[in-house]
1. In whole Å, what are the extents of the chain along the principal axes defined by its C-alpha atoms, from largest to smallest?
2. Suppose we keep just the DSSP beta bridges with both residues in the chain; what percent of those would be antiparallel, to 5?
3. Cross-chain or 8 or more residues apart, Cα under 25 Å: how many lysine pairs in the chain fit that? Count them up, please.
4. Could you compute how fast the stretch 95-197 diffuses translationally, taking Rh as the Kirkwood radius over C-alpha pairs and applying Stokes-Einstein at 37 °C with viscosity 0.692 mPa s? Give it in µm² per second.
5. Normalised radius of gyration for the stretch 17-82, please: alpha carbon Rg relative to 2.2 N^0.38 Å, two decimal places.
6. With the contact rule set at Cα under 8 Å and sequence spacing of 6 or more, what percent relative contact order holds for the chain?
7. Could you work out the helix-only [θ] at 222 nm for the chain, with each DSSP H run of four or more residues adding -39,500 (n - 2.57) and the total divided by the number of residues, to the nearest 500 deg cm²/dmol?
8. Between residue 209 and residue 92, what is the spin-label point distance in nm, taking each point 7 Å from the Cα along the Cα→C-beta axis?
Amino acid sequence: MVKALIFDMDGTMIDSMPWHQKSWVAFCERQGLDIDVPDLMRRTTGRTGIECMVELFGDISREQAQAHVDEKEAIYRELFAPVFSEIAGFKAFLGHAQSRGLSVGVGTAGDRHNQAFAYQRLSLGQTLHTVGGDEGLPGKPEPAIFLEVARRLDVAPEHCIVFEDAPLGIEAARRAGMRAVAICSSHTSDELGGPHVLARVPDYHALITSRFLETVHATTA
């Protein structure tokens, strides 16, 4: 029985990953760092901002790491704001889910500033139950963020389906004991597999067309 849907945010709700990559490039240039940004993203997408900065800079203080996070994410929001877009069909799919009585939450490595940025531009007209990467929980592939969303929704993990676009997030769902749907917006279908993955799709229009919610027998119980 499916009782709740838990969405990652970047690359899953909003089409932001190309702009995160661009912001990493700009940030590293400002810092005088010559690194393989695509490789950095493969290793860190789904991890918290602090974790990413420790990965990049090594042994730095939490205060310095946070300052770097704030700078990098400000660059991201400045770049993405003029061309902001959702993953195709997200808001329509969200509406279908809520009309069926399903609980909805968000589990993201994004901090409260990126959350506010996304929600304002999505114009959802509501506040989704959200657990973010600045709440002190370990980032993905650890399951803590998804488990905390389920706890706040008061839904057992086995009754949740996670929607994710990154391998670390797909793995976090598995570790949380949740099934998953792979949104292949920033990774290939082959990179987002697993026995717990119910579907691998390019966007939410594919889920609406295939009547995914009806197929998994979502109920209002």
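Derivation of every value follows stated rules applied to the coordinates shown; laboratory data play no part. This is a predicted model, so every value here is computed, not measured. Ideal geometry is used to build each Cβ from the backbone, glycine not excepted, and the neighbour counts take in all protein chains shown.
1. The principal-axis extents, from largest down, are 53, 33, 33 Å.
2. Bridges in the chain that DSSP calls antiparallel: roughly 5 percent.
3. Step by step, the pairs that qualify in the chain add up to 6.
4. 233
5. After normalising by residue count via 2.2 N^0.38 Å, the value is 1.02.
6. Reported relative contact order: 29 percent.
7. -13500 deg cm²/dmol
8. With each label point 7 Å from Cα toward Cβ, the separation is 1.0 nm.
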